[in-house]
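Here is the structure we will look at.
The values are calculated or read from the model by the stated rules, or taken from the named source; none is laboratory data. As the structure is a computational prediction, the values presented were derived from the model and not from experiment. Backbone-built Cβ (ideal geometry, glycine too); neighbour counts: all protein chains shown. Note: accessible area is taken over every heavy atom of the protein model, side chains too, but ligands, DNA and RNA are not part of it. Shrake-Rupley method; radii C 1.70, N 1.55, O 1.52, S 1.80 Å.
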Amino acid sequence: MTCDRIEELMAAFADGELRPEERAEVERHLRDCPSCLALLDSLRTADAALARFPEVEPPAALREKLYAVPARRKFRFGLDVLLRPALQPVLAAGLFLLTLFTFYMFSPAKAEINKAVSRQFHLGYSRIEKLYAKAGSITDSLGGFADNVLVSLKKVNPLSKSDE
Amino acid sequence: MLVDLYSKKIFNMSYQFAGSFQEAEDLTQDIFVKLHHSLSKYDFGKNFTAWFLTLAKNHLIDEYRRTKWEKKQRDDFDEHVRTEASADDPEHGLAEEENRALLWSGLNDLPNDMRMAVILKEIQGKTYEETAEILGLPVGTVKSRINRGRLQLAKILRDRKESAHDL
């Protein structure tokens with residue numbers, strides 16, 4: 001057995017969990033390998049030291065805070081809902097709009113902005129009106145075209161009868 | 001009542017895992033807040049201690065991944081632990097204290113999952129089955145993870161012994 005293989009088995013060996021034949025092989029290796037023997041000794045020392053690791057007492061102030069946890073949770077509930085990741089784009093958009101509104105409210109050029117907005121609004125409105133009128137004329141011409149088609153079809157039908 | 005029963009256990013688990021007393025205080029608080037949020041999800045058919053320790057373990061590992069404590073130093077061993085140990089058992093020698101100090105800092109070298117397994121089994125004294133239940137892993141996986149952790153810690157002690165011998 002190589003030292004690497006012994007290392008793999010060492011913890012189980014220390015715990016007495018190896019099969020008798022494996023155990024005998026490990027023991028044989030340990031007799032001739034001081035390095036592995038030193039590792040086994042260190043493993044036993046480490047196990048013993050970890051098992052006797054002292055527990056520490058939590059500070060009294062921490063216990064007080066822990067007793068207050070349910071009350072704190074109720075208080076924090078509203079804030080937790082607001083801080084949900086899903087709401088972050090909405091909050092960001094709201095903040096952006098609020099910033100724009102603040103700039104508008106306190107801008108010295110507020111009257112000019114109002115005028116420009118009003119001009120743009122009227123421009124847009126008149127464009128929509130024109131578009132609507134155009135749409136109406138197109139509908140009318142399409143209606144006329146449809147009438148012409150119907151008249152043509154009626155004219156075509158008697159001809160086809162006479163052909164027969 | 002939950003605080004009386006579990007605060008010491010959770011605080012020690014946090015302290016041994018994070019290595020910082022201050023950090024352990026914050027983590028313990030976070031875990032108890034999480035517990036109050038999650039109590040409604042507890043299935044009464046399950047073992048409460050294992051369920052709570054799993055919740056604590058998940059929080060500790062999530063925080064470890066988020067903040068990367070391994071970049072930070074652990075508290076000095078004698079800062080909080082050594083005094084208590086000496087009071088509990090005044091007979092044990094300097095060498096044993098030195099070994100514990102080495103193991104304490106050596107815990108930082110273990111990967112987080114391995115460190116948690118070693119803490120639960122070797123320090124907190126849980127059985128392999130209990131540790132496996134808390135970690136949500138098969139017993140065999142937990143056993144090999146713990147054994148590799150023990151071996152890594154043993155190598156730290158062996159190397160230290162050898163370098164002391166060379167001097």
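Out of B:ALA132, B:ALA117, I need the residue that is away from every other protein chain (no Cβ under 11 Å), free of Cβ contacts under 8 Å to residues at least 40 places away in the same chain and over 20 Å from A:ARG52 (Cα atoms). Which one?
B:ALA132
If you check B:THR83, B:THR49, which single one turns out to be modelled with pLDDT under 85, among the hydroxyl-bearing types (Ser, Thr, Tyr) and in a helix (DSSP H, G or I)?
Testing whether each residue is modelled with pLDDT under 85, among the hydroxyl-bearing types (Ser, Thr, Tyr) and in a helix (DSSP H, G or I) leaves just B:THR83.
So is B:GLU162 at the interface with another protein chain (Cβ under 9 Å from one of its Cβ atoms) and either open to solvent by 80 Å² or more (accessible area, probe 1.4 Å) or over 24 Å from A:VAL56 (Cβ atoms) (or both) or not?
yes
Could you please find all residues in the range A:1-27 being of a type in the set (Val, Ile, Thr) and more than 17 Å from A:ASP41 (Cβ to Cβ)?
A:THR2
Counting just the residues of the range A:1-50 that are under 48 Å from the mean Cα position of the chain (by Cα) and either open to solvent by 70 Å² or more (accessible area, probe 1.4 Å) or over 28 Å from B:ILE119 (Cβ atoms) (or both), which one comes out farthest from the other protein chains (Cβ to nearest Cβ)?
A:ARG5
Go through the range B:7-22 and report how many residues are open to solvent by 20 Å² or more (accessible area, probe 1.4 Å) and more than 7 Å from every other protein chain (Cβ to nearest Cβ).
Number satisfying all stated conditions: 4.
Have a look at B:ASP62, B:ASP113, B:ASP78 and point out the one that is assigned to a helix (DSSP H, G or I) and modelled with pLDDT under 80.
That would be B:ASP78, the only listed residue that is assigned to a helix (DSSP H, G or I) and modelled with pLDDT under 80.
Could you figure out which of (1) part of a helix (DSSP H, G or I); (2) within 17 Å of B:SER144 (Cα to Cα) isn't true of A:LEU18?
(1)
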